[in-house]
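Undergrad: Could you have a look at this structure, given as structure tokens, before my questions?
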Amino acid sequence: MDSVFLVGAAVPCDGVRWSAARSVVAGDFCNGYKPDDAVLGLLVRANELSVGSLAGLEAVRVAGVKNFDYSAMCAGRAGHGQLREKAEYVVAAMREAAWSATGDM
């Protein structure tokens, strides 16, 4: 696989699993997160998920995974019509940052 860009992923920050996933990606592996994502936080609480920390809410501390806090890009609440546009904007910014940086963006 060439590159992976996850934005607001509702998946655990399990280092073993992230390392395994990273091993099959040849290019950039980026995690876009927003610590104050109320919708993701509510989803976790509503489903009583006890997964620990989530990649969509914080950085993943695994070698080779680039983390991108997109809080400043998505301030406020977006309606469903704006979510796709914002996601495309965030991924484009992550791609640009990945080309010019290593580690956290």
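Undergrad: Provide a single number: the residues in segment 59-72 that are of a type in the set (A, V, I, L, M, F, W, C), loosely packed, with under 14 Cβ neighbours inside 10 Å and either part of a loop (DSSP other than H, G, I, E, B) or in contact (Cβ under 8 Å) with a residue 12 or more places away in the chain (or both).
TA: Qualifying residue count, segment 59-72: 1.
Undergrad: Please go through segment 73-105 and give me each residue that is more than 14 Å from the chain's Cα centre (by Cα) and at pLDDT 75 or above, ordered by number.
TA: Within segment 73-105, Glu96 is the sole residue that qualifies.
Undergrad: Yes or no: Leu42 modelled with pLDDT under 70 and not in a loop (DSSP other than H, G, I, E, B)?
TA: no
Undergrad: Between a residue in segment 1-12 that is at pLDDT below 85 and any residue that is in a loop (DSSP other than H, G, I, E, B), which pairs come within a Cβ distance under 9 Å, given they are 6 or more apart or on different chains?
TA: Once the first residue is at pLDDT below 85 and sits in segment 1-12, its partners that are in a loop (DSSP other than H, G, I, E, B) give Met1/Val24; Met1/Val25; Met1/Ala26; Met1/Gly27.
Undergrad: Filter segment 46-58 for residues that are of a type in the set (S, T, N, Q) and modelled with pLDDT under 80; which is surrounded by the most Cβ atoms within 10 Å (Cβ to Cβ)?
TA: Asn47
Undergrad: So which residues in segment 19-39 are assigned to a loop (DSSP other than H, G, I, E, B) and of a type in the set (S, T, N, Q)?
TA: Residue satisfying the conditions is Ser23 alone.
Undergrad: Would you confirm, using the coordinates I've provided, whether Val16 is exposed (fewer than 13 other Cβ atoms within 10 Å of the Cβ), outside any helix (DSSP H, G or I), free of Cβ contacts under 8 Å to residues at least 24 places away in the same chain and among the aliphatic types (A, V, I, L, M)?
TA: no
The values are calculated or read from the model by the stated rules, or taken from the named source; none is laboratory data. Just so it is clear, the structure is predicted and the values come from calculations on it, not from any experiment. Backbone-built Cβ (ideal geometry, glycine too); neighbour counts: all protein chains shown.
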